[in-house]
Every structure is written in C-alpha cells, then in structure tokens.
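The values are calculated or read from the model by the stated rules, or taken from the named source; none is laboratory data. No experiment lies behind these values; they were computed from the predicted model shown. Heads up, the Cβs are rebuilt from the backbone with ideal geometry, glycines too, and the neighbour counts pull from every protein chain shown. With ligands, DNA and RNA removed, areas are computed over all heavy atoms of the protein, side chains included. Shrake-Rupley method; radii C 1.70, N 1.55, O 1.52, S 1.80 Å.
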Amino acid sequence: MTERKPPGVSFESFVDRQIREAAERGEFARLPGLGKPLASLDAPYDELWWIKGKLHREGFSALPPALALRKEAEDAREAALAAPTERRARELLAGVNEKIRTALRRPPPGPPLNLTEFDVEAVLAERRTTRSAE
C-alpha cells in the first residue's frame, strides 16, 4: 500500500474503502491458502514464530549438520524399506550413501557423525523379508 490517508478522512473509512476496492478487483480471490485452516491456530504462542517459519521456508535446519545427516539417513532407510520398487530403494540409499561418503571425507562441525554407508544389499534383503511376511 503506497497510498497515504488523505487529511480530513477518518482512518477507518479510508481502510474500509481500500479493502472494498481490492475485493472488487478480486485481489482476495487468489490468495495462497484460500479455504484452508490456519496451521498455527491451536498452537501455543511463540514469540519467534516468524523466525522459525522463515527458516523452514528457506530450508535451514536447527540441527547441526552431523545430526541432520543422521536424521536424513534414518529417514532414507525407512523410505527404502517402504519403497514401491527395489530400484527406488536403491536410488534412495545411493543418494544418502553419497552424502555420508562426503561427510566422512570431511566431517561436518558439531557432534561426531557416527555413521557408515548403508549396505544396500543387506537393506534390500531386509526389505524383501518384511514384504514377504506381509
């Protein structure tokens, strides 16, 4: 909003007019999240909500790199076990193994990594066993 309130016009009527004109132009019809509930409506108040939201939107993690890689490796293993095909499971494990190899060559700052590459064949054998038991 670059237009300033003219003198002699009450603030409320000035704002009401701008809202009405914007609604008539249809500027509220295409807002993101239209018809969706507010995600934080029931959450307790957090003074840093906007900082946390910005970090999340920008893809930053609050975890140190080593812990973030451990979490990613855990998630990749679970995703590989639940993957629809062995090919997809191999792709998931290969991707995380490359990140683990890189981290082992040059350890990230923070706590020790305590990770080794996944034995792809062993994970796939476990996947086959759990799938045949279902």
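By the helix-only formula, in which each DSSP H run with n ≥ 4 contributes -39500 (n - 2.57) and the sum is divided by residues, the chain has a 222 nm mean residue ellipticity of -19000 deg cm²/dmol. The listed residues ARG106, ARG77, once ranked by accessible area (1.4 Å probe) with the largest placed first, stand as ARG106, ARG77. Between LEU104 and ALA82, the FRET efficiency estimated from the beta carbon spacing at R0 = 25 angstrom works out to 0.45.
The residues of the chain expose, per residue, 80 Å² of accessible area to a 1.4 Å probe. Estimated at the nearest 10 Å², the accessible area of LYS52 is 110 Å² with a 1.4 Å probe.
Among the chymotrypsin sites (Phe, Trp or Tyr not before Pro) in the stretch 1-86, which ones are in a DSSP loop with at most 13 other Cβ atoms within 10 Å of the Cβ? Mind listing them? Counting only loop positions with at most 13 other Cβ atoms within 10 Å, the chymotrypsin sites (Phe, Trp or Tyr not before Pro) in the stretch 1-86 are PHE28, TYR45, PHE60.
Given the options GLU72, GLU24, GLU91, which has the most mean-square fluctuation in a GNM of the chain, springs set between C-alpha atoms less than 10 angstrom apart? Between GLU72, GLU24, GLU91, it is GLU24 that shows the largest mean-square fluctuation. From the coordinates of this entry, Kirkwood radius over Cα pairs in Å is computed, and it appears in [x] 16.7; [y] 14.8; [z] 20.2 under the label [z]. Extension gain for the segment ALA125 to GLU91, taken as residue separation times 0.36 nm less the Cα-Cα distance, is 10.7 nm to one decimal.
Less than 15 Å Cβ to Cβ from ARG87, Lys/Arg counted +1 and Asp/Glu -1: what total charge do the surrounding residues give? Present the calculation step by step, with values, prior to reporting the outcome.
Details: positive: ARG88, ARG90, ARG127, ARG128, ARG131; negative: GLU86, GLU91, GLU121.
Result for the local shell: +2.
Rank VAL96, VAL120, VAL15 by mean-square fluctuation in a GNM of the chain with C-alpha springs under 10 angstrom and give only the top-ranked residue. In this elastic network of the chain, the residue with the biggest mean-square fluctuation among VAL96, VAL120, VAL15 is VAL15.
Across the chain, C-alpha contacts under 8 Å between residues 6 or more apart give a mean separation that, scaled by the residue count, equals a relative contact order of 21 percent. Measuring only protein heavy atoms, the 1.4 Å probe finds ASP119 accessible over about 90 Å². Share of carbon and sulfur in the accessible area of the stretch 1-108 stands at 59%, probe radius 1.4 Å.
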